[in-house]
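Scroll down for the structure; my scribbles are underneath it.
The values are calculated or read from the model by the stated rules, or taken from the named source; none is laboratory data. Quantities reported herein were computed from a predicted structural model and do not represent experimental measurements. Because the Cβ atoms are built from the backbone with ideal geometry, glycine has one as well, and the counts that use them run over all protein chains shown.
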Number of protein chains: 2
Amino acid sequence: MTGRRVGDTLFFDEPVWVESCAAAVGKKEGEGPLGACFDYVAKENRFGEKTWEKAERRMIELACQHALSKADLTPSALDCALGGDLLNQCVSTSFAMRGLGMPYLGLYGACSTMAESLLLGAVLTAGGWSRKALCAASSHFCSAERQYRYPLEYGGQRPPCAQWTATACGAVILCDAPRRVRLRAATVGRIFDPGITDSANMGAAMAQSAYETLRTFFRDSGTAPEDYACIVTGDLAAIGHTMVNELFARDGVTLGGRYQDCGLLLYGKEQDVHAGGSGCGCSAAVLCGHLLPRLACGELKNLLFCGTGALMSPLTANQGETIPGICHLIVLEGAK
Amino acid sequence: MTGRRVGDTLFFDEPVWVESCAAAVGKKEGEGPLGACFDYVAKENRFGEKTWEKAERRMIELACQHALSKADLTPSALDCALGGDLLNQCVSTSFAMRGLGMPYLGLYGACSTMAESLLLGAVLTAGGWSRKALCAASSHFCSAERQYRYPLEYGGQRPPCAQWTATACGAVILCDAPRRVRLRAATVGRIFDPGITDSANMGAAMAQSAYETLRTFFRDSGTAPEDYACIVTGDLAAIGHTMVNELFARDGVTLGGRYQDCGLLLYGKEQDVHAGGSGCGCSAAVLCGHLLPRLACGELKNLLFCGTGALMSPLTANQGETIPGICHLIVLEGAK
């Protein structure tokens, strides 16, 4: 047994590397500050399909195909795929994977799915059960809006604390042979529920989980925020990002400028997304389009990627339940 | 790296053992032929709660608590939990795990979830990243009916090929120290779609996946059906079970009496469940209540547990999509 575990953190002493990665995004995401980073930007959010759901599938296929072609691989070279999305029964990912045809393990971690897929993909790779594993997560604004909230045609008002579900997919191929970016460790998140019932305020519901997972990781690893060039949460956006800073400030810890949030990086202020971006695809695309390339070129020394998720459904919200949050953390190291 | 992989099959040469297991079921399941096997049988399907969704959560908590108490453990002794259910956003499992408090990895494999959780739990254990992992899956007839089909009050007619979603949960604690039942290998399923659109005929939609995964496993392991005391699929019920037998017969392979299906074991003919049982909880509870105890006492030498799942949603059915199937296989060995 090669695995090493301290507390809730799994260390990958047998190296796990990033073979390639790619991101496919919608029109609005392509118009944002990271627009030039993405491998595919849709001209319109239907991706040439007849329904929003088919559009999301097409986007997943595009992200996976770009990741495969960057590594000069075909789907048959993959030992397995791990992934998920926000639609009921995770149908976007299942239907996309049906077309690609590799062994498939479906995940549900809400917006933390990209981190969860990397965590389990790394376990399979470091343990010797996979040589090439595809890890992916996606969300689509239009399919998510009509499922979680209102049909777009209804034109529902959004409060200022609301976030914008990203139309985006990120796909990473992990491998067991040396490459430029290494996956070093991962912390499995626990569920925390600060008692928030407002499903238009997800950032606040997930902030405690991000804080707890980061705190657990620093304790398990014996490291501190200043040991990392960048700490990024998945989709806490303006309110959740501020709350994480405040929670650490109470402990006398300053995260400072190294702490960023994918939901704040993906859109510009002029894009009217209110508190910021959200959705599985938000952290997945920012990781694959923006952060992993910076690690690969040596611009970032290392990174804590904290996938945040709100484990609620419209039904639990309607039944008056509070919103449980979760956060899985991945430690990535760049080229030396 | 200790992991050994042949084709799509992962071999666990570092042993993974079953520390304990438990099943909690509804009233109807308690009245079936396996009723006496289960650790908890509800007097009524609300489990003392106000909603069907809260009832499902309570059932999961009961199964997990029974598995923990049989092993004389508290939740804090668990390194992680892996599980899922059929409700949108897998809220039954998430909300139950919120109360238990261990690190949590959410899965979505439709009715194959019990096998998927055992597969990933075994990878974490054999790789040395977990000493005690909880694997669980559940379904509840009433919460599933109103989400997937009609409210119960509507009294919708069911065709003879329809299956009955089991009100059941199974929970297994895997460990890295010798016990009576060992998890020896697992095959990661691929998605197969035979083109069926009738969501009241799930067994037919999943049968090909079960056949393909079994065939892959026999090829990867160099074994044959007669090497196993029992081969059991998760919830193919009468139609799917017949189809798997027919598919193997075309290859000149006779599965014979060793091939059973959890959906046919769970209910008696007089219980009016039409083709048989289904749901994540069907295979999970039959495994934990009936099959694992028979392996532990030496009555069964070994077992191929094939978790079958239909990766559709009401939305994909309404959009005219066909039903993709998947099947993950687990190899279990009993006390010698």
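Tabulated data
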quantity: Meets criteria (assigned by TED's automatic domain parsing to the domain that holds residue B:21, in contact with a Pro (Cβ under 7 Å, 6 or more places away or on another chain) and not charged (D, E, K, R)) for residue B:148; calculated: yes
quantity: The lone exception for residue A:195 - which of (1) over 16 Å from residue A:253 (Cα atoms); (2) within 13 Å of chain B (Cβ to nearest Cβ); (3) touching a strand residue (DSSP E or B) at 6+ places or on another chain (Cβ under 8 Å) it fails; calculated: (3)
quantity: Spans of strands (runs of 3 or more DSSP E) in the stretch A:247-336 with at least 2 residues in contact with an Asp or Glu (Cβ under 7 Å, 6 or more places away or on another chain) and either of a type in the set (S, T, N, Q) or assigned by TED's automatic domain parsing to the domain that holds residue A:82 (or both); calculated: A:302-310
quantity: Of residues in the stretch A:1-31 being surrounded by 20 or more Cβ atoms within 10 Å (Cβ to Cβ) and in a loop (DSSP other than H, G, I, E, B), the one modelled with the lowest pLDDT; calculated: A:3
quantity: Answer from B:154, B:211 - the residue that is outside the structural domain of residue B:85 (by TED's automatic domain parsing) and without any contact (Cβ under 8 Å) to a residue 40 or more places away in the chain; calculated: B:211
quantity: Extreme residue, nearest to residue B:52 (Cα to Cα), among residues of the stretch B:84-117 that are β-branched (Val, Ile, Thr) and in contact with a Gly (Cβ under 7 Å, 6 or more places away or on another chain); calculated: B:93
quantity: Out of A:174, A:124, A:105, sole residue that is at pLDDT 95 or above, more than 9 Å from chain B (Cβ to nearest Cβ) and within 30 Å of residue B:192 (Cβ to Cβ); calculated: A:174
quantity: Hey, residue B:238 outside the structural domain of residue B:170 (by TED's automatic domain parsing), among the aliphatic types (A, V, I, L, M), surrounded by fewer than 20 Cβ atoms within 10 Å (Cβ to Cβ) and closer than 15 Å to residue B:308 by Cα or not; calculated: yes
quantity: Residue among B:139, B:112 that alone is away from every other protein chain (no Cβ under 12 Å) and modelled with pLDDT of 95 or more; calculated: B:139
quantity: Where residue A:48 falls short, out of the listed (1) free of Cβ contacts under 8 Å to residues at least 24 places away in the same chain; (2) within 12 Å of another protein chain (Cβ to nearest Cβ); calculated: (2)
quantity: Matching entry among B:165, B:197, B:187 (being in contact with a His (Cβ under 8 Å, 6 or more places away or on another chain), assigned by TED's automatic domain parsing to the domain that holds residue B:233, of a type outside the set (Phe, Trp, Tyr) and in contact (Cβ under 8 Å) with a residue 60 or more places away in the chain); calculated: B:187
quantity: Condition check for residue A:159: more than 14 Å from chain B (Cβ to nearest Cβ), surrounded by fewer than 24 Cβ atoms within 10 Å (Cβ to Cβ), outside any strand (DSSP E or B) and not β-branched (Val, Ile, Thr); calculated: yes
quantity: For residue A:31: the one exception among (1) touching a residue at least 40 places away in the same chain (Cβ under 8 Å); (2) within 14 Å of chain B (Cβ to nearest Cβ); calculated: (2)
quantity: Yes/no for residue B:98 being under 24 Å from residue A:144 (Cβ atoms) and either within 13 Å of another protein chain (Cβ to nearest Cβ) or touching a helix residue (DSSP H, G or I) at 6+ places or on another chain (Cβ under 9 Å) (or both); calculated: yes
quantity: Scan of the stretch A:198-257 for residues that are polar (S, T, N, Q) and modelled with pLDDT of 95 or more, ordered by number; calculated: A:208, A:209, A:213, A:216, A:221, A:223, A:233, A:242, A:245, A:254
quantity: Answer residue from the stretch A:1-25, given it is more than 10 Å from chain B (Cβ to nearest Cβ) and among the aliphatic types (A, V, I, L, M) and is nearest to residue A:220 (Cα to Cα) among those; calculated: A:6
quantity: Filter result (more than 7 Å from chain B (Cβ to nearest Cβ) and under 11 Å from the mean Cα position of the chain (by Cα)) within the stretch A:80-95; calculated: A:83, A:85
quantity: Answer from B:167, B:197, B:216, B:242 - the residue that is within 14 Å of residue B:330 (Cα to Cα) and of a type in the set (Ser, Thr, Tyr); calculated: B:216
quantity: Selection count, the stretch B:173-225, where residues are in contact with a Ser or Thr (Cβ under 9 Å, 6 or more places away or on another chain), in a helix (DSSP H, G or I) and not β-branched (Val, Ile, Thr); calculated: 13
quantity: Lone qualifier among B:87, B:82 - being within 17 Å of residue A:112 (Cα to Cα) and not hydroxyl-bearing (Ser, Thr, Tyr); calculated: B:82
quantity: Those residues of the stretch A:301-322 which are more than 14 Å from chain B (Cβ to nearest Cβ) and under 27 Å from residue B:105 (Cβ atoms), in sequence order; calculated: A:302, A:303, A:304, A:305, A:306
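Let's see how each residue does on (1) out of contact with any His (no Cβ under 8 Å at 6 or more places or on another chain); (2) closer than 27 Å to residue B:200 by Cβ:
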site: B:253; (1), (2): yes, no
site: B:270; (1), (2): yes, yes
site: B:278; (1), (2): yes, yes
site: B:286; (1), (2): yes, yes
site: B:294; (1), (2): yes, no
site: B:306; (1), (2): no, yes
